[in-house]
1. Need the full-extension length gain, residue 111 to residue 96, defined as separation in residues times 0.36 nm minus the C-alpha distance. One decimal, nm.
2. Given labels modelled 7 Å from the Cα in the Cβ direction, how far is it in nm from residue 40 to residue 229?
3. Using just the helices of the chain, give the 222 nm mean residue ellipticity in deg cm²/dmol: DSSP H runs with n ≥ 4 each add -39,500 (n - 2.57), and the total is spread over all residues, rounded to 500.
4. Given R₀ = 30 Å, FRET efficiency for residue 158-residue 79 by Cβ-Cβ distance, to 0.05?
5. Based solely on C-alpha atoms, express the radius of gyration and the Dmax of the chain in angstrom.
6. Taking the chain as a Gaussian network, where each spring joins two C-alpha atoms under 10 Å apart, which residue of 149, 206, 78 fluctuates the most?
7. Provide the FRET efficiency to the nearest 0.05 for the residue 166-residue 250 pair, computing r from the beta carbons and using R0 = 30 Å.
8. Stokes-Einstein D for the stretch 92-159 at 4 °C, 1.567 mPa s, Kirkwood Rh over Cα pairs, in µm²/s?
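What follows is calculated from the coordinates using simple rules that are stated; it is not laboratory data. The model shown is predicted, which means the values in this text are computed figures rather than measured ones. Neighbour counts are summed over all protein chains in view; Cβ atoms, including those assigned to glycine, are modelled from backbone coordinates with ideal geometry.
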């Protein structure tokens, strides 16, 4: 064992053991699946893995044997965990994902099993088995560019067990080396002896990682946001009639902002500009004059919005984490993270309001 430096190969996987859609094309189920309108290669691979998992003679038997009986992603959340997420973005994300998968399953089964029971044995293609396969592919698959230039969604034995990190060692991967016909995972930053070598699953929010991977990363994730929808009234200058447009802004924890000063407050500038334009038709300039201070009372509106949001995020302290199930614990962690973001926004609003009041009093004193 030794320290690894930038550029070193942490792992190398032969292309011959990578599970891709090519295996489906060689199977007896392909002739059935290719005739179904809208059937994607990813869904074909998923259905193939449901059967191959139980094939005692499979060349991938060792790989399938290492996989867990339950992946414990957000797609497997029980009723209690789902209800604990009420009022959060994750609640909607999980419900929509589960509904989508259920519709997809019902479109395929039991029709395929009835029409081709030898290819799609009903005992291997239950809803539970389908959900397991979905979680497998969501949480373990990678997009791989092969030597022929084709990009395919694949399962990579061994590499699929590498964990995600907000500060990964491996960032650039996913292309087969045509010389060695292997997939190489090179380091983008050093990794010391005894340190866990991590890669990046992508720039995902905590809600996405819980739903499809089953964990919430440690540390401050810059992709964790609170979505805020506003209806902005505008005027059609040609018809001289009001228009109504919805605009969405993503607000991060304000501890990630480098500018907490007047006119910025640690909040997204596009959001503040949107609120300012809705409050005043006059062009806004970041100068310390009374008119601008009056406009920046939009912070009070924003504070009111997030106060209501905080009330909807019930206190997580009431959850008994010692006796709670894994999904309730994970739901509580997510809700706590959301409360932390909202709390930081409220703090920034409160601090900003005091800044505005201070500058406004100075402006009035100079009149």
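1. 3.0 nm
2. If labels sit at residue 40 and residue 229, their model points lie 2.4 nm apart.
3. The helix-only estimate for the chain comes to -12500 deg cm²/dmol at 222 nm.
4. 0.25
5. Both quantities, over Cα of the chain: 26.0, 88 Å.
6. Taking springs between Cα atoms under 10 Å, the residue moving most is 149.
7. 0.95
8. 93
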